[in-house]
Amino acid sequence: MAQLTGARAEKRQLDELLRELRPAAQRLATQTQIVEDLRAQASQASNQYEALHERATALGERNLELERQLAALSASAHAQDQLMKDVLARIGSAGNPPMLAQTPS
């Protein structure tokens, strides 16, 4: 009988301990789920960052190429402008061409 009483007392202690641990286990399960969700979000954010970083790098390279093209076109336009000024200056310094004699009609 003493063993039965001792076993019942031990069972009550274990039941009490389980009741105390149950909320902690539930909190731990909730926290674990939150961590897993955050881990998935972090992975997705990392992938998005990598994609955006690659796109930004590509756009930066394209921008440099466009700037080089613009500089080349600007230099060409400047050279053509200078050439036209030189041609106009030569025409102006050559004077007016002589008038052709007109025959009466």
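I'd like the FRET efficiency for GLN3 and LEU28, computed as 1/(1 + (r/R0)^6) with the beta carbon distance as r and R0 of 35 Å, rounded to 0.05.
Efficiency, from the Cβ-Cβ distance: 0.50.
For P(r) over Cα pairs in 10 Å bins from 0, in percent, several values are listed as (1) 11, 12, 11, 10, 10, 9, 8, 7, 6, 5, 4, 3, 2, 2, 1, 0; (2) 14, 51, 33, 2; (3) 16, 43, 29, 11, 1; flag the one computed from this structure.
Derived directly from the coordinates: (1).
Angle between the Cα long axis of helix 2-93 and the longest principal axis of the chain, 0 to 90 degrees, nearest 10?
Roughly 0 degrees, rounded to the nearest 10.
Summarise the accessible area of the chain (1.4 Å probe, protein heavy atoms) by the percent that is carbon and sulfur.
60
Points 7 angstrom from Cα along the Cβ direction at GLN80 and LEU64: gap in nanometres?
2.8
Starting from 0.36 nm per residue, how many nanometres of slack lie between THR57 and ARG12 once their C-alpha separation is accounted for?
My answer for the length gained is 9.5 nm.
Could you identify which residue out of LEU52, LEU21, LEU38 has the top mean-square fluctuation in a GNM of the chain using Cα springs shorter than 10 Å?
LEU21
The values are calculated or read from the model by the stated rules, or taken from the named source; none is laboratory data. Note that the structure is predicted; figures quoted are calculated from it, not measured. Quick reminder, even Gly has a Cβ in these numbers, built from the backbone with ideal geometry, and neighbours come from all protein chains shown. Ligands, DNA and RNA are stripped out before the accessible areas are found, and what is left, the full protein with its side chains, is counted by its heavy atoms. Shrake-Rupley method; radii C 1.70, N 1.55, O 1.52, S 1.80 Å.
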